[in-house]
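*Asks:* For reference, the structure I am asking about is given below.
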Amino acid sequence: MNINFLLSILVLLSMSAVVCFSQPQFPMSNDESFDSNIPTPSYKAGNGPRILIDGGHNNFFVQFNFIKPLENLLISDGYNVDTSAEKFSSDLLGKYKILVVVTPMATNFMNPDQTYESAFSSKELEDLENWVKRGGSMLVFSEHFPFDLAVQPLLNIFGIDTSIGVVIDKYNYENNPGQILFTSDSLSDNHPVVSGKRSVKKLASYGGSALNGSTYINILKLSDKIENLKREWRGAEMGPIGSGDSQGLVGEFGEGKIAAFGDSNGFFAMEFDLEDGHKSVAGMNDPSYDWKNFVLNTFDWLSSD
């Protein structure tokens, strides 16, 4: 569990794993106490739009079921949620209103011979671009290396670029330099993802990458003090490559919608085992931040006409 700077908390919060190839062990797990219930859901049970969670591209969070708290929350809000191991195609995507792409990899995590490249074929990207142009909505995360490298070609076709490595801000954090803080100055309130029916006043990301997208609204603004650092993943190192001014971009593409984020942890609900034997939380289960409301606002916007 190596990274090239001495911030042990960031090592945990950026999803490093202690790896045994027969049985992976991770410093994080789903927070079983997370309350995914929504007293007044957006849709009657099972009557909401259909959501597809991509599981066909060695998606780390899907493979090890870290996606479960988000699934439970969306189902509670009335959405129909499926996970598919299929590759993208017009036939598959055409069945859904929203697509979620998180932590894709070019090769399976359990494969000791990792490759670090795009997780998607050119034909898949063509079908995906056409689906969004015709009205599909996509939620996509870049994350740190190797996920940033795997998803970069997908982001590029929608006019978004991502840094490669891992981003921190030593001047704009609350509890530790691994968390990038977003409050009134950096949290744009001119979009319903922030200013929707649920209150969002304060967020903090947990590393990840920096994004650029000139045709999108920057709702999670990064300061000019951020640092993009080299990131190690199971013996491979990459970065720092590129930079950005955002960890949250939203906008329209053709008749569809894109919400792209540089870090995904806020959309989940995790507990982390700290080196001193204590636990910390990250995401929708962290009472210090408004991630649960932000997540629900994001899907409100993605599902709206």
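The values are calculated or read from the model by the stated rules, or taken from the named source; none is laboratory data. From a predicted model like this one, the values you see are computed outputs, not experimental measurements. Cβ placement follows ideal geometry from the backbone for every residue including glycine, while neighbour counts extend to all protein chains displayed. Calculation scope for accessible area: heavy atoms of the full protein, side chains included, ligands and nucleic acids excluded. Shrake-Rupley method; radii C 1.70, N 1.55, O 1.52, S 1.80 Å.
*Asks:* Output the number of residues of the stretch 206-255 satisfying the condition of being basic (Lys, Arg), closer than 25 Å to Phe26 by Cα and under 19 Å from the mean Cα position of the chain (by Cα).
*Replies:* 1
*Asks:* Still on this model: Just for the stretch 76-116: of the residues that are open to solvent by 60 Å² or more (accessible area, probe 1.4 Å) and not in a loop (DSSP other than H, G, I, E, B), which one is farthest from Asn37 (Cα to Cα)?
*Replies:* Asp91
*Asks:* Pull up the stretch 43-72, narrow it to residues that are farther than 21 Å from Phe26 by Cα and open to solvent by 30 Å² or more (accessible area, probe 1.4 Å), then point me to the one that is nearest to the chain's Cα centre (by Cα).
*Replies:* Asn72
*Asks:* Also, quick follow-up: Checking Ser16 against (1) of a type in the set (Ser, Thr, Tyr); (2) modelled with pLDDT under 95; (3) farther than 17 Å from Thr103 by Cα; (4) surrounded by 17 or more Cβ atoms within 10 Å (Cβ to Cβ): exactly one of these is not met. Which one?
*Replies:* Going through (1) of a type in the set (Ser, Thr, Tyr); (2) modelled with pLDDT under 95; (3) farther than 17 Å from Thr103 by Cα; (4) surrounded by 17 or more Cβ atoms within 10 Å (Cβ to Cβ) one by one, Ser16 breaks only (3).
*Asks:* At least 3 residues that are open to solvent by less than 60 Å² (accessible area, probe 1.4 Å) in each: list the strands (runs of 3 or more DSSP E) lying fully within the stretch 219-305 that qualify.
*Replies:* Because the criterion is at least 3 residues that are open to solvent by less than 60 Å² (accessible area, probe 1.4 Å), the strands (runs of 3 or more DSSP E) in the stretch 219-305 that meet it are 227-229, 231-233, 246-253, 256-261, 269-273, 279-283.
*Asks:* For the stretch 152-169, how many residues meet the condition of being open to solvent by less than 10 Å² (accessible area, probe 1.4 Å) and either more than 21 Å from Lys221 (Cβ to Cβ) or free of Cβ contacts under 8 Å to residues at least 24 places away in the same chain (or both)?
*Replies:* Of the residues in that region, 1 qualify.
*Asks:* Right, next: What number goes with the only condition from (1) over 14 Å from Ala260 (Cβ atoms); (2) surrounded by 24 or more Cβ atoms within 10 Å (Cβ to Cβ); (3) modelled with pLDDT of 95 or more that Phe141 does not pass?
*Replies:* It is condition (1) that Phe141 fails.
*Asks:* Also: Looking only at the stretch 27-42, filter to residues that are in contact with a helix residue (DSSP H, G or I) (Cβ under 9 Å, 6 or more places away or on another chain) and part of a strand (DSSP E or B); which one of those is least open to solvent (accessible area, probe 1.4 Å)?
*Replies:* Top of the filtered list is Met28.
*Asks:* Only one of (1) in a strand (DSSP E or B); (2) open to solvent by 10 Å² or more (accessible area, probe 1.4 Å); (3) modelled with pLDDT of 95 or more; (4) out of contact with any Asp or Glu (no Cβ under 9 Å at 6 or more places or on another chain) fails for Ser214. Which number is that?
*Replies:* It is condition (1) that Ser214 fails.
*Asks:* Anything in the stretch 139-161 that is part of a strand (DSSP E or B) and in contact with a Gly (Cβ under 7 Å, 6 or more places away or on another chain)? List them, or say none.
*Replies:* Asp161
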